[in-house]
1. What are the residues in the stretch A:411-452 that are within 14 Å of chain B (Cβ to nearest Cβ), in a helix (DSSP H, G or I) and of a type in the set (D, E), if any?
2. Which of (1) more than 29 Å from A:K55 (Cβ to Cβ); (2) within 11 Å of chain A (Cβ to nearest Cβ); (3) at pLDDT 70 or above is the odd one out, the single condition B:W183 does not satisfy?
3. As an exercise: evaluate A:G64 against (1) in contact with a strand residue (DSSP E or B) (Cβ under 6 Å, 6 or more places away or on another chain); (2) at positive phi and give the number of the one condition it does not meet.
4. Working carefully through the options B:L226, B:L174, B:L233, find the one that is surrounded by 10 or more Cβ atoms within 10 Å (Cβ to Cβ) and at pLDDT below 75.
5. May I ask you to list the residues in the stretch A:388-397 that are under 20 Å from A:M377 (Cα atoms) and either part of a loop (DSSP other than H, G, I, E, B) or not charged (D, E, K, R) (or both)?
6. So, in the stretch A:177-233, exactly how many residues are touching an Asp or Glu at 6+ places or on another chain (Cβ under 6 Å), part of a strand (DSSP E or B) and either polar (S, T, N, Q) or modelled with pLDDT under 85 (or both)?
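The values are calculated or read from the model by the stated rules, or taken from the named source; none is laboratory data. As the structure is a computational prediction, the values presented were derived from the model and not from experiment. Please note: Cβ atoms are built from the backbone with ideal geometry, for glycine as well, and neighbour counts cover all protein chains shown.
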Amino acid sequence: MTFKAQLFAIAGMMGLFLGLVRGQPVLSLLSLSSLLWLLTEWVLFSWHVRFQFPKVELHRFVNGERDANRSLWAERWIEVRIRMANELLLYGVTLDVEDVIPENLERIAFSPINLTEDVSTEASAERKKNKGRRPESRSWLVRGVQRFMNDRDDCPANEVRLGLGSEHREWRYSARVRAAGNVVFPGFRVMFQSTHQLFRIERFVKAEQSFRALPTFVGAGEYRSLTKNSNVIPRHGVHRLLRSGMGSELLELKEYADGDPFKSIAWKVSAKRDQWMTRQYESEVPARVQFIVDGSSTSRIGGFGFRLLDQMTFVAASIARMAINAGDPVGGVLMDERGIRRMPPMSGEKGFQLLLRSLGDFSVNPCPPPSPYQTRMLDAAWALLNQRYPELLDLKVNHFPFSIFPVTPGSRTRRRQRFLVAGALAEIYGLSVREHAAMIHDDPAFARRLQDLLNNSGIPWIAPLLQPLDRSDREPIERMANLGKCILSAIGHARDNEVIVVMSDLLNCVSILEFVLPAVKLAITKHHRISFVCPTSTFLRPSGRVAVDFSRENSAEELLMVAEQARLRIQAEQLQRELHRCGASLSLSGEKNAIHLIMSELDSIKSGHGRLQGNLR
Amino acid sequence: MSNGAGETNRMPIPHSLDSVASQRNRIRWVGAGLQLLAIALCMEMLVGVSAGLGLLLRLSLLSLIAFCIVMRLGWVALVALQVSLIAIEPRQNTLSPYPVGFFYVLVASAVIVAAMKAPETHRFVTDYLVSLFVPESNALESNRQFRFTIMKLSYFALQLMLTVVVAGFLLNRLPIGLQAESWLDWSRQNGQAVWPGALLMVLVIAILVLVRENAWRQILPSQASLYLRSVQLIANYRDLFGFERHRLRRLRKAHFQGVAKTLPPVKRPKLRRSSRNDDRIKKGMK
């Protein structure tokens, strides 16, 4: 029963009472008939809830398929189609259905297959017209008029209202996958409501579909080699190495020594010099790429598509695509707090798909590091539970002990919310009563459960789930130590002529690079190329000159961006100096320049030419 | 950014805003205005107290009613009619409504329901007007909606009629108000002073049982589990609170005593910067 219905019932009862007391038959009749009308509405609504609600069965088709084992691609469009399986008899009630969209999806557009009761072409045109306006800037009066006019321009694309006469049980919307990882559609939020909005019931119909989201990549052939190709085209996947071997290209001539094969004797040269000379040939080896992707917690902070990890996976997938196209095997090491996972060198289309799957799975956020309890965490969990578990927040079933304290209304509301959320969490996670009580009084335990709930629901690692400033001082040191171990592990598994690409957030760790530099030097000593790709928080490379135009009014965001760029530039210079000293190259920001750098390294290896040392790209 | 895989990035095609849609949009506003005006005029006529008021006050009352309807405050119509009836309806010895009163209640209830349903019926009014003035609009769709709206309206009319008739019957038959004395005399004469009370009590208990049974059957298994869990928590809350307080106090004490104050330091590797070995490595590579 909604507040409106309660007011209506109170007015009816008061009128009936006054009519009986004062002996006014019309007043009594009007009030009693209003009450009876409310009663019939309730009976009708209860009948719908009892018999029609269990029939609600919704099917979701993503890109035309209902099978959840398919993969989606980051930064690409998907089309979601919803179909109601059963016919419902909706007399005097409306059914609002919302397909709950995961955080990793960005809802784009709505295209109803058929017109339903409240969705029409002009509503979508009106929506398009009002696209630039902020809904929250409208006054309550304007919002009221719009609600009256049934303008559902504020209605999100994934919602629809069904009623009597809306036979079309199918609708669809488009969305874009924000980042690699997974896309989990949890289900549908269904609301039965009487047409006068006097009675309402909300439920969440679980229809979980989980898809793996693969990282996007740049297509092959978009980046040309920066160095001249060799005249002799080697076999696919085989490249020249300027070291003596059994290749076909001449490397040098040298004096004959015991044990040299006779067929390598250069007869003409020997005749001219009057000395036995032999030919030395170049090596022909495959050029392999090894990624080291640092997926520690710092690289996972931020919204989907704005994480440092998203930049890294984009670069890794793009380079893998191009390297595999050239026939070079690609392997890697994925590193985070959970440990180190090694991917063996893979080639071919199947290998590329396996690599993308590994990167996609690696992009799924694990359990977040503990964060202290904040009331904003409770607010977020409250909103989430209201959306996905509305039945568990019902005061009829979720009881909590009464207490006089706290007295102030705000604190009482907060206490009530905490008790209700703790009860719902205890039910969701199947906790004991002792653990249930611990959540109510123990802030860290409660915060941990709230983090679990938010993280399992696909909320990105942003406030309030995680505070970026909560990191301990040891975290960067441990990360650098792990990174050094990873590089050593990669060197251990490497053969000659490999490109090791390290993708990690090093800008804040310039002062503790000594954990990494020995491994870098070892890699150089072993004749490998080592490149660092360092993503930046601004998604931009710090430019050489930072200039602020003070002649015009700069916004705070612009000034903040300039300041951040200046800070990054200083750190980048220090980092470049340190890496250059060891002979490693560095690219800042996970964008096209990073791909250029790695491809140049690969090209220099393939052509057997000189190296690109310590370039800041 | 282009993608390397076979799929294409297609933007969804937005709906075009053609002339029919814009014309329809204009008619919507006209229809809404007409609908509001009709309901407000009916209300103004029904509220008899405004008959003696001036034009300005009547207009103000009219706009207030229209405003309440727009803001979905349909129950205000009921209150307004009740206040009006309290003020102008004469007191009577019987609660049986006369035919005019019965008709008045029927119309008033219809207006109240119309006021509450105004946002929903708005689309019906629009469709009807559009089918009249825009022949090139989707006539089939309009006809279909029109048919369903007629069904809905007839259903609500029937419901309204039934409720008013049943209310009139109850007011006639039940021993409430001024009819109580005559009914009491009749009951005493027949020696049945208690039975209506017992019957009413049984009826009330039966209704309560039905309501509770209905509510219980609507509960989901998770809700039932949560209900038991919360009842158990409330029953043992004092003890559990004591345990938790004791545990937290012990933890806090251990924290302040510094059981695990610092973690062991990380061993930093020794590194000589720009040493002769580095130069040798670089030369070797070249």
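1. If the condition is that a residue be within 14 Å of chain B (Cβ to nearest Cβ), in a helix (DSSP H, G or I) and of a type in the set (D, E), then A:E427, A:E435, A:D443 are the ones that fit.
2. With (1) more than 29 Å from A:K55 (Cβ to Cβ); (2) within 11 Å of chain A (Cβ to nearest Cβ); (3) at pLDDT 70 or above applied to B:W183, the lone miss is (2).
3. Result: A:G64 fails condition (1) only.
4. B:L174
5. Answer for the stretch A:388-397, where residues must be under 20 Å from A:M377 (Cα atoms) and either part of a loop (DSSP other than H, G, I, E, B) or not charged (D, E, K, R) (or both): A:Y389, A:P390, A:L392, A:L393.
6. 1
Every residue, every condition in (1) assigned to a helix (DSSP H, G or I); (2) at pLDDT 75 or above; (3) within 11 Å of chain A (Cβ to nearest Cβ); (4) over 25 Å from A:L32 (Cα atoms), yes or no:
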site: B:R58; (1), (2), (3), (4): yes, no, no, yes
site: B:S63; (1), (2), (3), (4): yes, yes, no, yes
site: B:F67; (1), (2), (3), (4): yes, yes, yes, yes
site: B:L78; (1), (2), (3), (4): yes, yes, yes, no
site: B:L81; (1), (2), (3), (4): yes, yes, yes, no
site: B:N93; (1), (2), (3), (4): no, no, yes, no
site: B:V100; (1), (2), (3), (4): yes, yes, yes, no
site: B:F103; (1), (2), (3), (4): yes, yes, yes, no
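Conditions (1) closer than 30 Å to A:N182 by Cα; (2) in contact with a strand residue (DSSP E or B) (Cβ under 6 Å, 6 or more places away or on another chain), marked per residue:
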site	(1), (2)
A:L18	no, no
A:V26	no, no
A:S34	no, no
A:E41	no, yes
A:E57	yes, no
A:R60	yes, yes
A:A68	yes, yes
A:W77	yes, yes
